[in-house]
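The values are calculated or read from the model by the stated rules, or taken from the named source; none is laboratory data. Quantities reported herein were computed from a predicted structural model and do not represent experimental measurements. Don't worry about glycine lacking a Cβ; one is built from the backbone with ideal geometry, like all the others, and counts go over all protein chains shown.
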């Protein structure tokens, strides 16, 4: 819909779960780059066996304007500094490029809530810790934020990108239920002069 020619684009997928959609991207896109935050590797280092590059979304090693499309699925609820991460994603996107993300959330009316913070290298829990599965760490990934639909405004403010939430409800495609909405950000090419 946004990038019908995605097979020819420079695509960065953040923390793929090695499931069906990531496999589809990896197999179909010639210029696909998978990254994981793998503490056993240096930033920018490649895990040749598993085929991913080590990147911290808050401090990426990619040059400016590297990608046409950046994708993440269920990643932003695990980031301590999402303001830095979205700035880095915007920096690495080419003008006109898209960032497409999913993130778990509750009711559309619930505001985002911080669950954990990182202060001077120490994790401070504001709520009972929750962990999700992590494809490169058996300990799992700590949930740092319970996002609400105010994420769209948050991302737009911190990235300068236009941001929308797409709501899907199409039983013919098997799409109905909670938390299947998609956030789409676009790096603005230039502001029109009117």
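In segment 38-55, which residues are assigned to a loop (DSSP other than H, G, I, E, B), modelled with pLDDT of 95 or more and either under 16 Å from residue 75 (Cα atoms) or under 18 Å from the mean Cα position of the chain (by Cα) (or both)?
43, 44, 55
Checking residue 105 against (1) closer than 21 Å to residue 156 by Cβ; (2) touching a helix residue (DSSP H, G or I) at 6+ places or on another chain (Cβ under 8 Å); (3) at pLDDT 95 or above, only one condition comes out false. Which one?
Only one criterion is unmet by residue 105, namely (3).
Just give me the residues in segment 154-178 being closer than 18 Å to residue 109 by Cβ, surrounded by 13 or more Cβ atoms within 10 Å (Cβ to Cβ) and either out of contact with any strand residue (DSSP E or B) (no Cβ under 7 Å at 6 or more places or on another chain) or modelled with pLDDT of 95 or more (or both), in sequence order.
154 - this is the single residue of segment 154-178 that is closer than 18 Å to residue 109 by Cβ, surrounded by 13 or more Cβ atoms within 10 Å (Cβ to Cβ) and either out of contact with any strand residue (DSSP E or B) (no Cβ under 7 Å at 6 or more places or on another chain) or modelled with pLDDT of 95 or more (or both).
Please work out which residue is modelled with the highest pLDDT, limiting yourself to segment 19-30 and to residues that are over 23 Å from residue 88 (Cβ atoms) and either in contact with a helix residue (DSSP H, G or I) (Cβ under 6 Å, 6 or more places away or on another chain) or part of a loop (DSSP other than H, G, I, E, B) (or both).
Filtering first and then ranking leaves 30.
Grab the strands (runs of 3 or more DSSP E) fully contained in segment 78-183, keeping just those with 2 or more residues being closer than 20 Å to residue 17 by Cα, touching a residue at least 12 places away in the same chain (Cβ under 8 Å) and under 15 Å from the mean Cα position of the chain (by Cα).
Values: elements: 93-102, 116-119, 122-125, 162-166.
Qualifying strands (runs of 3 or more DSSP E): 93-102.
Could you go through segment 56-71 and let me know if any residue there is surrounded by 15 or more Cβ atoms within 10 Å (Cβ to Cβ), without any contact (Cβ under 8 Å) to a residue 24 or more places away in the chain and not in a loop (DSSP other than H, G, I, E, B).
Yes, some residue in segment 56-71 is surrounded by 15 or more Cβ atoms within 10 Å (Cβ to Cβ), without any contact (Cβ under 8 Å) to a residue 24 or more places away in the chain and not in a loop (DSSP other than H, G, I, E, B).
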